[in-house]
1. For residue 136 paired with residue 111, estimate the spin-label separation in nm (one decimal), with each label point 7 Å from Cα along the Cα-to-Cβ line.
2. Calculate, for residue 264 and residue 191, the FRET efficiency according to 1/(1 + (r/R0)^6) with r their C-beta to C-beta distance and R0 30 Å; round to the nearest 0.05.
3. How long, wide and thick is region 58-165, going by the Cα atoms along their three principal axes, in whole angstroms, largest first?
4. Whose amide H sits under 5 Å from the amide H of residue 57, counting only residues 5 or more places off or on another chain, with H placed in the peptide plane?
5. In the full protein assembly as shown, how much of residue 194 is accessible to a 1.4 Å probe, in Å² to the nearest 10?
6. Pop out the ³J(HN,Hα) list for region 126-134 in order, Karplus 6.51 cos²θ - 1.76 cosθ + 1.60 with θ = phi - 60°, rounded to Hz; leave Gly and Pro as x.
7. Enumerate the amide H contacts of residue 62 below 5 Å, restricted to partners 5 or more residues apart or on another chain; note that Pro and chain-start residues carry no placed amide H.
8. Work out from phi, with θ = phi - 60° and the Karplus expression 6.51 cos²θ - 1.76 cosθ + 1.60, the ³J(HN,Hα) of each residue of region 251-263, listed in order in whole Hz, and give x for Gly and Pro.
Amino acid sequence: MRLAFVLSEIGSGLRRNLSMVISVILVTFVSLTFVGAAGMLQLQINQMKGYWYDKVQVAIFLCSDGSTAPGCATGPATREQEDNLRKLLQSPAVAQYVNDFQYESKTDAYKHFKEQFANSPIVDSVTPDQLPASFRINMKDPEKYEIISETFSSQAGVETVIDQRQLLERLFSAMNAASLVAVSIAGVMIICAILLIATTIRLSAFSRRRETGIMRLVGASKMVIQLPFILEGVIAAVIGAALASGTLWAVAHFFLGGVMSKQYPDTAFISPGQTLMLAPALIGLGVVLAGVSSLLTLRRYLRV
């Protein structure tokens, strides 16, 4: 009997305040979408780190015409200097940190440059002689980059030693900043959601003040009186959270999996299944927001 009464009260409250309930659903949807977007960015960052950190290389760029590094005082790297660097890479002291390495000539560097900037007019203004030759090293442990840098930076014929992780860290830093922006916007929207839920519950309680007064007179418990109002807010928040979860899944499936993965086949993007891992957290957050907001509002305005 109580269950039927609670359900009828919930249905009555949702019908009476339909516009406000829709507003709660929408603002909860938007706010939790931003929260989920921040979570998706973190998942993507972790995915890319795990993928790219195993593939990054340490590049030892050799001296070329116009190099001003201390190791290039004698001019472009000679064949003898290149052989000395190759022997040093194969020495036991260095080989223990190296999986393998490849030599990239100026011609190879120019070929890769043209592939990378195929649609840029800069290709026509660059010649093979302007690009340095290099040794590309795959590390056993990328964290040992400093050992390679210290060993080769002072060698004759070496212009500079670059760890590609430094370039990736800039990208990840930008993505982390975007994640913080999403969280900040989500925080503002969550405050809006809390205020809207409180307003909705307050209006619902006001419109049913006669019914709640009668329930108090007949000895109804606080739980029976408050539960319909709380569940109204929770239902609206859960619907908003479910919509936010569906939106994140659609972004991962259609945009990341359907568009971005085709344009950037060498990049590891998160799967739609990974975004669904965020759904329980989003729904749980929506329930907590609605439940706490509703309970505090009822204690203040319903006086039961």
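The values are calculated or read from the model by the stated rules, or taken from the named source; none is laboratory data. Since this is a predicted model, take the numbers as computed values, not measurements. Using ideal geometry, Cβ is built from the backbone for each residue, glycine included, and neighbour counts are taken over all protein chains shown. Ligands, DNA and RNA are stripped out before the accessible areas are found, and what is left, the full protein with its side chains, is counted by its heavy atoms. Shrake-Rupley method; radii C 1.70, N 1.55, O 1.52, S 1.80 Å.
1. Between residue 136 and residue 111, the simple spin-label model gives 1.1 nm.
2. Values: r = 36 Å, r/R0 = 1.22.
Calculated value: 0.25.
3. Cα extents, longest axis first: 43, 30, 19 Å.
4. Under 5 Å from the amide H of residue 57: 164.
5. Here the accessible area works out near 60 Å².
6. 10, 10, x, 5, 7, 9, x, 6, 7
7. Sorted by chain and number, the residues that satisfy this are 133, 134, 135, 159.
8. Using θ = phi - 60°, the values come out as 4, 5, 6, 8, 8, 5, x, x, 10, 5, 5, 7, 6 Hz.
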